[in-house]
1. Of the conditions (1) more than 29 Å from A:Ile74 (Cβ to Cβ); (2) assigned to a helix (DSSP H, G or I), A:Leu119 clears all except one; give me its number.
2. For the list (1) touching a helix residue (DSSP H, G or I) at 6+ places or on another chain (Cβ under 6 Å); (2) surrounded by 18 or more Cβ atoms within 10 Å (Cβ to Cβ), I need the number of the one condition that A:Gly91 fails.
3. Out of the helices (runs of 4 or more DSSP H) lying entirely within the range B:28-139, which hold 2 or more residues that are closer than 28 Å to A:Val154 by Cα and in contact (Cβ under 8 Å) with a residue 60 or more places away in the chain?
4. Name the one entry in B:Gly111, B:Gly64 that is within 22 Å of B:Pro172 (Cβ to Cβ) and crowded, with 24+ Cβ neighbours inside 10 Å.
5. In this structure, does A:Arg197 turn out to be of a type outside the set (Gly, Ala, Ser), at pLDDT below 90 and within 28 Å of the chain's Cα centre (by Cα)?
6. Output yes when any residue across the range A:78-93 is free of Cβ contacts under 8 Å to residues at least 12 places away in the same chain, farther than 18 Å from B:Leu68 by Cβ and not in a helix (DSSP H, G or I), and no when none is.
7. Taking the stated definitions as given, is B:Ser126 at pLDDT 90 or above and of a type in the set (S, T, N, Q)?
8. Determine, yes or no, whether A:Ile168 is touching a residue at least 60 places away in the same chain (Cβ under 8 Å), surrounded by fewer than 19 Cβ atoms within 10 Å (Cβ to Cβ) and β-branched (Val, Ile, Thr).
Amino acid sequence: MMEKMIFGRYLPLQSVVHRLDPRAKLLFIFGFVIVVFLANNALSYGLLAVFTLVFIYLSKINVRFLLAGLKPVIWLIAFTFLLHIFLTREGDLLFEAGFLKVYEGGVRQGAFISLRFLLLIFVTSLLTLTTSPISITDGLESLLKPFKKLKLPVHELALMMSISLRFIPTLMDETDKIMKAQMARGADFSSGPIKERVKAVVPLLIPLFVSAFKRAEELAVAMEARGYKGGEGRTKYRLLHWQGRDTAALIILVVLAALLWWTRS
Amino acid sequence: MERNKLITMIEIAIMAGLSFILSKVEFGALWAFGGSISLIMVPIFVMAFRRGWQAGLVTGLLAGIISLLTGGYVVHPVQLVLDYPLAYAVLGIGGLAVFHKPITTGRIFTGLLLGTSLRLACHFMSGIIWFGSAAPKEMPVAVYSFLYNISYLLPEMLITAAILVFLKKTAPSFYKQSASIGSSSASY
């Protein structure tokens, strides 16, 4: 089971999108998720689709990876589309067969909403495909800095997030090791009735939790010994550099929003 | 920086990582529309019972963000917040039922029920908001959202409950914050 697990979805490639500052990408994606809702006719949706395709092309990400991200929601999209075809009664009647009445408005609504889902999922997937989780954390920490004034512990949250991400591969190895050790002693995690499987998980969880708490304590001691005193005056190992292309990305988003505003009906 | 605060912070971080790993241990068939039954809630509740509801809240928040960053899906801005960071963060509030009180099976269930109901509320609202914006007007969106979300949350809650009760029997020290070996008990 564990071998199938790849941590995160980041694909380290060389592309303009990869090189963008994570702050720019976060702002861009956040803006895009809102701007998408401006589209409401064929022209504006077409514009969005073209824009997304260009974005995907620039990221050099294989479409295969984007399609893989659709798997959990493809049924939802299909279901929504069918609902609209059968239930929305607007526009001209296209055809009729017994109960079934398909209207032009239903097909149009269904297509638009499915397209909106697709575009949203593609664009948000592009963020996690082109940016490593740790860069996203750095970007979020920097963007949320103003909230420090409201007593939001931004530095602490970002630190915890980085530690979490750093330890996931380690914990994954450990889980794998404990699972194999328990399997060697006859534990069965993948078959049998639910009750047995839940019971089988307990001997996996106990050593895992014990070592996790121990690890936390050791790390705290190590950090204290090295003089960690919280966020004040702490310098960073990874620095973010805002460049011209990052500003350009945000300008492009504003232009897109303006075009959508102009073409929507 | 105070030692206990630092240990709590790091425990939160590691438990959030563990949540992510346990979210991959799935029971039964993968559910159709994205939801699945997993052990993701176990470390969040252990933290909430061990270090209080705030610690549980932050553990859940981080666990939600990690699952979003590693393969979540976004179909609506409100859905993003409700389905990921918030849905898992509110689980921590279940800690109110247990923290600083002797741990009993009854309190575990109360905490679990409190946290899971709040999570259900988040997924339920998210379902109404984004599905409501997508489905035809005649659809009973609320009923659909409720039935769908409870269909995986109820079994997930029962499995989590079983595990938390097993842990109470076999490793009660997980729920006590003084359990860590080297930390000074004097500060409590």
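The values are calculated or read from the model by the stated rules, or taken from the named source; none is laboratory data. None of the values given here were measured: they were computed from a predicted structure. All Cβ positions, even for glycine, are placed from backbone atoms using ideal geometry, and neighbour counts span all protein chains on display.
1. (1)
2. (2)
3. On the way: elements: B:41-51, B:53-69, B:77-81, B:105-126.
Helices (runs of 4 or more DSSP H) meeting the threshold: B:41-51, B:105-126.
4. On the way: B:Gly64 fails: within 22 Å of B:Pro172 (Cβ to Cβ).
The match here is B:Gly111.
5. Values: of a type outside the set (Gly, Ala, Ser): yes; at pLDDT below 90: yes; within 28 Å of the chain's Cα centre (by Cα): no.
For A:Arg197, the condition - of a type outside the set (Gly, Ala, Ser), at pLDDT below 90 and within 28 Å of the chain's Cα centre (by Cα) - is not met.
6. Yes, some residue in the range A:78-93 is free of Cβ contacts under 8 Å to residues at least 12 places away in the same chain, farther than 18 Å from B:Leu68 by Cβ and not in a helix (DSSP H, G or I).
7. Numbers: at pLDDT 90 or above: yes; of a type in the set (S, T, N, Q): yes.
So B:Ser126 passes the test.
8. Numbers: touching a residue at least 60 places away in the same chain (Cβ under 8 Å): yes; surrounded by fewer than 19 Cβ atoms within 10 Å (Cβ to Cβ): no; β-branched (Val, Ile, Thr): yes.
Criteria not met by A:Ile168.
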